[in-house]
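The values are calculated or read from the model by the stated rules, or taken from the named source; none is laboratory data. Values in this document were obtained by computation on a predicted structure and should not be read as measured data. Please note: Cβ atoms are built from the backbone with ideal geometry, for glycine as well, and neighbour counts cover all protein chains shown. The protein model used for the area step is the full one, side chains on, heavy atoms only, and it has no ligands, DNA or RNA in it. Shrake-Rupley method; radii C 1.70, N 1.55, O 1.52, S 1.80 Å.
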Amino acid sequence: MGLTKTQLVAALSPQLPRDIVEGLFGEYIAIKQHLAFRRFQPSELNGGRFAEYVIRLLQFALGETPTPVGAYFGSGVPEKVCNKVKTDTSLPESMRFIITRLTETLLIVRNKRDVGHPGGDVNPNLADSLLVAHMADWVLTETLRIYYAGDINTAQEIADSLNEIQIPIVAEVDNFVRVLDTSLKFSDKTLVIMYHKYPSKIKDTILFKWAGYSSISAYKKNVLQPLHSGAYIHYFDGCCSLLPKGVAHVENHISMELVV
């Protein structure tokens with residue numbers, strides 16, 4: 001996404017419970033990632049979990065105590081919450097008449113389309129996953145429109161970013177770590193790899209291969225030694241450990257996701 005998950009959560013959490021907002025964005029990101037990799041069944045399962053976080057937001061909108069994250073709703077609770085919202089004229093019409101119905105549909109897709117339970121008539125497919133992704137786009141964008149407190153330009157930037165798909169910049173193939181962001185310099189690639197494997201120690205010869213540097217001697221001199229001198233890593237006896245300064249550098253200066 002154009003914005004980080006932290007920024008997106010911060011945009012809504014002043015008005016809404018932070019744990020619910022974090023869960024909502026986490027499931028939303030998973031929906032888009034699974035769709036990007038054509039993992040249709042997981043994307044639909046995440047769609048159901050996304051809907052469960054929306055139910056908690058609807059409980060909050062009604063002035064009720066939201067069901068704790070991770071707790072079971074109880075039989076019929078999502079339906080009852082949606083019905084209450086539909087009849088509460090103090091709430092925005094988009095919430096009453098559209099968000100409730102989209103949320104109910106997301107749960108139906110999860111429960112009735114051979115996603116949440118075995119033995120369904122219809123196998124998960126691209127059409128179902130696209131439906132889930134677009135419904136989640138709309139619900140999240142409208143939730144932002146209702147609750148966001150800030151300037152209109154930032155709100156529009158956040159809304160636009162919701163329609164992008166992001167994937168992790170690190171991939172593992174047969175125990176080989178690849179950094180997918182080819183624009184990164186080798187020192188940052190190295191820190192990203194170590195962040196991905198944190199807190200494990202990694203041999204310099206392995207890091208050299210994963211980073212794709214031209215020669216091991218030059219990699220030690222030009223990449224590992226400066227990172228050690230700068231206290232980003234601890235490099236001793238051929239092994240590298242990521243230090244807190246290195247962790248902070250990755251989290252503050254390197255996006256661990258690519259927009260596709």
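Collect the residues in the range 60-103 that are among the aliphatic types (A, V, I, L, M), in a helix (DSSP H, G or I) and open to solvent by 60 Å² or more (accessible area, probe 1.4 Å), keeping them in residue-number order. Passing the criteria: only Ile98. Within the range 160-204, if we keep just the residues that are among the charged types (D, E, K, R) and outside any helix (DSSP H, G or I), the residue that is modelled with the lowest pLDDT turns out to be Glu164. In the range 218-242, the residues that are without any contact (Cβ under 8 Å) to a residue 24 or more places away in the chain form Cβ pairs under 7 Å with partners that are part of a loop (DSSP other than H, G, I, E, B), at six or more places apart or across chains, as follows: Ala231/Leu243; His234/Leu243. With respect to the conditions (1) modelled with pLDDT under 95; (2) loosely packed, with under 15 Cβ neighbours inside 10 Å, Val115 lacks only one, and its number is (2).
Going by what's in this entry, would Phe25 be described as open to solvent by 50 Å² or more (accessible area, probe 1.4 Å), touching a helix residue (DSSP H, G or I) at 6+ places or on another chain (Cβ under 8 Å) and either aromatic (Phe, Trp, Tyr) or modelled with pLDDT of 95 or more (or both)?
No.
Look at the range 205-260 and say how many of its residues are open to solvent by 70 Å² or more (accessible area, probe 1.4 Å), under 25 Å from the mean Cα position of the chain (by Cα) and modelled with pLDDT of 95 or more. Final tally of qualifying residues: 2.
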